[in-house]
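Notes for the one structure printed next.
Computed from the coordinates by the stated procedures, all read-outs in this text should not be read as laboratory data. Because the structure is predicted, anything quoted here is derived from the model rather than measured. Cβ placement follows ideal geometry from the backbone for every residue including glycine, while neighbour counts extend to all protein chains displayed.
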């Protein structure tokens, strides 16, 4: 009897610590890739639904492919409701890194069937969408600005670099950072849910080729989050294998250049802090042989022991 009472007392003492350990190890985010590739496959282009764990309030990071990716997710039982309801009810807003078609075509094409929501982006990205896509010559103006008549389904919300913005109808705050994508400004989105973060980068070239400090500035911003174990994952592109000449990267990364940037990040955090960090490799460009090369080269070059992940269309990841 005394032994049983002692065991119960120990259990009660340990319960708060067990709960704390469980909360630290629990997932903070659910990521549903709707499109994961760069290049010519219009059915599988950059788009990632992101929600806080246990929530159905998603944002969409880029929107190259929507409809087909949602259907794939439904087929994989990631969602238990029809695809049209996911589009209309689950996606609360779009965060567009830049206005190249492989990052926005799904948003444009699906706009007639969508519900009212916001489109977020840097000033230049929003201006391109407003003047080149949601116009009556290109498509139809489903927004509340620009060419008349404005159908007022979408509202543009301009993000200021470095400023944290609370996202209505979600559990998120988002901070935008400028990236250099050849002659275009792209965007990284740092998403916060409670005390956890996830970082999504649109297309970007390495600082050394782009003659830029944008990635260095981003690494400085997230280094404290890595050291405090608050950053759950980085989504970053690798478009070409190492055989691609630097002069024809056009604002993209290779395995060599990704690892060079990770080495820069390691100088800010310490190499040990990057061991096991989730790095989701996005925007791999076909053909298949190139994708195989990219994965092989990344594995060989992964001296920092990053946890390299390759997202699959319609299959959820938890962080």
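With contacts defined as alpha carbon pairs under 8 Å and 6 or more residues apart, what's the relative contact order of the chain in percent?
Reported as a whole number, the value is 17 percent.
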Problem - Of 100, 132, 256, the one that fluctuates the most in a GNM where the chain has Cα springs shorter than 10 Å - result: 132
Problem - Spin-label model distance (nm) - residue 318 vs residue 173, 7 Å beyond Cα toward Cβ - result: 2.6
Completion exercise
Over the stretch 29-318, the quotient of the Cα radius of gyration and 2.2 N^0.38 Å is 0.95
Exercise for the section: Along Cα→Cβ, 7 Å out, is where each label goes; now give me the distance between the ones at residue 248 and residue 76 in nm to one decimal. Expected result: 3.2
Practice task
Please give the helix 214-227 orientation as an angle from the longest Cα principal axis of the chain, in degrees from 0 to 90, rounded to the nearest 10.
Solution key: 20
Problem - Residue with peak Gaussian network fluctuation, the chain [Cα springs, cutoff 10 Å], from 143, 131, 269 - result: 131
Fill in the blank from the handout: Taking N as the number of residues in the stretch 71-211, the ratio of its alpha carbon radius of gyration to 2.2 N^0.38 Å works out to 1.10
Handout entry: Crossing angle, helix 255-269 versus the chain [Cα axis fit, 0-90 degrees, rounded to tens]
Key = 50
Exercise for the section: Compute the acute angle (0 to 90°) between the alpha-carbon long axis of helix 288-301 and the principal axis of greatest extent of the alpha-carbon atoms of the chain; round to the nearest 10°. Expected result: 40
Problem - Among 300, 135, 165: highest mean-square fluctuation, GNM of the chain, C-alpha pairs under 10 Å - result: 300
Practice task
State the Cα centre-to-centre distance between the stretch 249-319 and the stretch 162-197 in whole Å.
Solution key: 20
Exercise for the section: Please state, as a whole number in µm²/s, the translational diffusion coefficient that the Stokes-Einstein equation yields for the stretch 174-319 at 4 °C and 1.567 mPa s, with Rh defined as the Kirkwood radius across alpha carbon pairs. Expected result: 84
Exercise for the section: Multiply the residue gap between residue 221 and residue 194 by 0.36 nm, knock off their C-alpha separation, and tell me the result in nm, one decimal place. Expected result: 7.9 nm
